[in-house]
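*Asks:* Handing you this structure, nothing more for now.
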Amino acid sequence: MTDDKSLPVGKRHRGRPIFLMISLFLLLVLYPVSEYFPWGGIMILLGFSLMLISAAWAIHSNRRVLIVASVLGLGWVVLTWLGARMQLPDSLDVVKYVSLTVFILLVLGMMVLSIMRTKHVTGNTICRAVSAYLLIGIAWFVMYSLILKYDSTAFSLNTAAGIKDVSLTASDLLYVSFCTLTTLGYGDITPASPLAQGLAMLEATIGPLYLAILIARLVALYTREKLSD
């Protein structure tokens, strides 16, 4: 990706990551709200589709990455629509989750790379930084969903009366992901299987590490700009 200030004025507004950031926040709101509506599944599908389009737009300057991301995103959309109308084989169901995870990680990598390469702190830089942080939580949410789909004991709900055996919803897993990412750790829902615990440990490590590196990078850029003025 190219530094924003090095672009002609007419091209600075192309591919703004602000739309990705907005779509990610919208997705966070849609998940808990969707459980109160019978057509909540359609809301989530539309929210994810908007996120995929916004993400592709944010990285459209790199054509090779855009092509790969588009194939992955389109694969998820097709398999999700088919899954809403028929029972998919387990292999295709796994492909659906994996394609979405790889898509998110690919966009996340491009966002972080752009932040590391930029020479100026701009509004786009901040939007990329926020989007990348949210994408980490979304990526782990998708991975948690895949684990729970094939292992109902991967997560446990802890109450005052002990461990409660209930089916966790998608919004529960989204909640778990962001509680882990931010190291909030309420402890009401905890990973129980080795794979879920390993992913949670990795996410809890990446979250604070990303913020530490990000803040150091942005402060260094800002300080350099001030000294050069």
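The numbers here are math on the coordinates, done by the rules we state, and not lab data. These numbers come from a predicted model, not from an experiment. Using ideal geometry, Cβ is built from the backbone for each residue, glycine included, and neighbour counts are taken over all protein chains shown.
*Asks:* HN-Hα J couplings of the range 193-204 from phi, Karplus 6.51/-1.76/1.60, θ = phi - 60°, integer Hz, Gly and Pro as x?
*Replies:* For the range 193-204, the Karplus curve yields 8, x, 5, 5, 5, x, 5, 5, 5, 5, 5, 5 Hz.
*Asks:* Quick check: convex hull of the Cα atoms in the range 95-149, volume per residue, rounded to a whole Å³?
*Replies:* 54 Å³
*Asks:* From the square roots a ≥ b ≥ c of the eigenvalues of the alpha-carbon gyration tensor of the range 58-162, which class results: rounded (a/c under 1.5), prolate (a/b over b/c), or oblate?
*Replies:* Since a/c reaches 1.5 but b/c is at least a/b, the shape of the range 58-162 is classed as oblate.
*Asks:* Put +1 on the Cβ of every Lys and Arg and -1 on every Asp and Glu Cβ in the chain; which of 207, 130, 86 then has its Cα farthest towards the positive end of the dipole?
*Replies:* 130
*Asks:* Also, quick follow-up: Quick check for me: using +1 on Lys/Arg Cβ and -1 on Asp/Glu Cβ, what's the dipole size of the chain about its Cα centre, in debye to the nearest 20?
*Replies:* Roughly 1140 debye, rounded to the nearest 20.
*Asks:* OK, next. Kindly give Rg over Rh for the chain, based on alpha-carbon atoms, with the Kirkwood expression for the hydrodynamic radius.
*Replies:* For the chain, the value is 1.00.
*Asks:* Calculate, in whole percent, how much of the Cα-Cα pair population of the range 40-99 lies beyond 13 Å.
*Replies:* Counting pairs separated by more than 13 Å, the tail of P(r) holds 63 percent.
*Asks:* Report the gain in length on full extension from residue 212 to residue 53: 0.36 nm times residue separation, minus Cα-Cα distance, nm rounded to one decimal.
*Replies:* Working it through step by step, the gained length comes to 54.3 nm.
*Asks:* Oh, and also: Would you grab the residues whose amide H sits under 5 Å from the one on residue 189? Only those 5+ places off in sequence or on another chain, please, with H modelled 1.01 Å from N.
*Replies:* Close amide H contacts, sequence-distant or interchain: 158.
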